[in-house]
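Report on one structure; see the data block that follows.
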Number of protein chains: 2
Amino acid sequence: MSEEVVDPSHPRYQSLMMRKRISEAGVKGMLADSALIAHGRGEAFDYLLGEQTIPSALEATREVAARLVAAKKPVLSLNGNAIALAAREFLTIASQLGCPIEINIFYRTPQRMGALLAHLKLLNSDLGLDVEILGGIPDAKIPGLEGPRAACQKDGILEADAILVPLEDGDRCEALVAMGKDVLVIDLNPLSRSARRGTVAVVDEVSRVATNLIQLIPEKPEITNWDNDKALQSALDHIVGDMSDKFES
Amino acid sequence: MSEEVVDPSHPRYQSLMMRKRISEAGVKGMLADSALIAHGRGEAFDYLLGEQTIPSALEATREVAARLVAAKKPVLSLNGNAIALAAREFLTIASQLGCPIEINIFYRTPQRMGALLAHLKLLNSDLGLDVEILGGIPDAKIPGLEGPRAACQKDGILEADAILVPLEDGDRCEALVAMGKDVLVIDLNPLSRSARRGTVAVVDEVSRVATNLIQLIPEKPEITNWDNDKALQSALDHIVGDMSDKFES
């Protein structure tokens, strides 16, 4: 895809642009192969949602904004795909919140970490921001996880009270919940373990969520008594509503 | 993923093995980047189907077997993902039918065609088969398509009366239907244009379908008056049935 020019009049322009960003990040060495496959899984669920922010997802995004604003030590935990898809937006959000970003990748190699750090630091300076970027030199472990997947930083994920985890692995999501944190998930699959186990799960595409958060954070919304299951069922109902009797008419 | 060993006791072993095959084919230069993303989309739909052959898919597979057996000039049109996922199985099927395989890729480069041809020819000889592999030197065009996507061979796709197209692009599928062929689609997305426009669409994972075809072809099943829409709705109903009231209990 990366060789192709995306036509802005294409009905699926946004989705194709995101695919292009993922392909380009792959070429830059920012991603594991499995990242492209994971992006494809996300595309399928976004396609079923109609590639739009559904009402329950916007409510969930407002709840995430409320909890990030109210947190004492929030952090944005970003993996390769989240950085490929919405690095500018997440830097803006971190700047609004005055919190760090921690790069946190599943298949950790020095090359990939280096490429991601370089990409974020360049954008940080391009945008005239001064967001702290953690993750390069882990000095702590997430309890209950083994190997490089447990690696984190004390000033970031370890001590955070609220953590935004776009596209997070299920095991890590559960380990973070077990630490007692507010775990704020962005995941297009309403049936994923991350979506089900998170404190608040936004079933929406990551760049749309990030753009919405930039609008919502300055409004300082109030935290509610969030019912995550209800929001997930609402996302499933949206998908189902589009599928029943599709071929009967 | 390709560095990782897949544990046979993992509940999603088959799916992880297919992911491994795709990653390995990528490393061998057999695939475009978009192939990994497409595989991920397939994974998501397979996940929604429960990673199993549902009854309507098995019926559709039987219908495909019937039409391939009855055809005067059948051909298997394989792209990079189909070859990565089930090359051995498709060689076996072509041998059962005494028909050629035509390699037919969307993003055609000489390198990628060379890698795919080499892979199939090596397996052909490993399996002691003598299946004719077309696609390397296209000498005809599919009417209604432009650019390298139209390229095909006279002895293969152009003159075939029945064509098996696993994971086919929607435009090409429609162009083949317009040529009056029996277009036999394998596609995990029951809403895709290929699934909707094909003569018979099997909503199932490509290696499972290929394995089932190997069993069904020797039975020489009878062609029926196939209702493709009914089979697609049945696949959607299966997905929907699993989603309603998921979080209510």
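Just so it is clear, none of the values below were taken in a lab; they were calculated from the coordinates. Nothing here was measured: the structure is a model prediction, and the numbers come from that model. Methodologically, a virtual Cβ is constructed for each residue, glycine included, from the backbone with ideal geometry; neighbour enumeration extends over all protein chains shown.
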ask   = So how many residues does the range A:1-53 have that are in a helix (DSSP H, G or I), of a type in the set (Val, Ile, Thr) and free of Cβ contacts under 8 Å to residues at least 40 places away in the same chain?
value = 2
task = Select from the range A:86-124 the residues that are small (Gly, Ala, Ser) and farther than 30 Å from B:Val5 by Cα and list them in ascending order.
result = A:Ala86, A:Ala87, A:Ala94, A:Ser95, A:Gly98, A:Ala118
ask   = Is it fair to say B:Ser23 is facing chain A (nearest Cβ under 8 Å) and closer than 19 Å to B:Asp169 by Cβ?
value = no
query = Applying the selection to the range A:100-111, what residues are crowded, with 19+ Cβ neighbours inside 10 Å and either over 19 Å from the mean Cα position of the chain (by Cα) or not aliphatic (A, V, I, L, M) (or both)?
reply = A:Pro100, A:Glu102, A:Asn104
Single residue of the range B:38-53 satisfying the filter (within 10 Å of another protein chain (Cβ to nearest Cβ), out of contact with any Ser or Thr (no Cβ under 8 Å at 6 or more places or on another chain) and not basic (Lys, Arg)) that is nearest to A:Gly40 (Cα to Cα) = B:Gly40
note = From the option list A:Arg67, A:Arg62, single residue qualifying as basic (Lys, Arg), outside any loop (DSSP other than H, G, I, E, B) and touching a helix residue (DSSP H, G or I) at 6+ places or on another chain (Cβ under 6 Å) is A:Arg62
query = Just for helices (runs of 4 or more DSSP H) wholly inside the range B:133-249: which have at least 1 residues that are within 14 Å of chain A (Cβ to nearest Cβ) and more than 24 Å from B:Arg21 (Cβ to Cβ)?
reply = B:170-178, B:193-197, B:228-243
ask   = Of all residues in the range A:20-48, which are under 17 Å from the mean Cα position of the chain (by Cα) and among the hydrophobic types (A, V, I, L, M, F, W, C)?
value = A:Ile22, A:Ala25, A:Met30, A:Leu31, A:Ala32, A:Ala35, A:Leu36, A:Ile37, A:Ala38, A:Ala44, A:Phe45
query = From the list A:Leu145, A:Leu184, A:Leu191, A:Leu167, which one is in contact (Cβ under 8 Å) with a residue 60 or more places away in the chain, farther than 14 Å from A:Val75 by Cα and among the hydrophobic types (A, V, I, L, M, F, W, C)?
reply = A:Leu167
message = Looking only at residues that are of a type in the set (S, T, N, Q) and in contact with a strand residue (DSSP E or B) (Cβ under 9 Å, 6 or more places away or on another chain) in the range A:189-247, which one is nearest to A:Arg41 (Cα to Cα)?
response = A:Ser192
key: Pick from the range A:30-77, criterion over 28 Å from B:Asn189 (Cα atoms), out of contact with any Gly (no Cβ under 8 Å at 6 or more places or on another chain) and not aliphatic (A, V, I, L, M), ranking: surrounded by the fewest Cβ atoms within 10 Å (Cβ to Cβ)   = A:Lys72
task = Assess whether A:Ala201 counts as being surrounded by 18 or more Cβ atoms within 10 Å (Cβ to Cβ) and within 24 Å of A:Gly98 (Cα to Cα).
result = yes
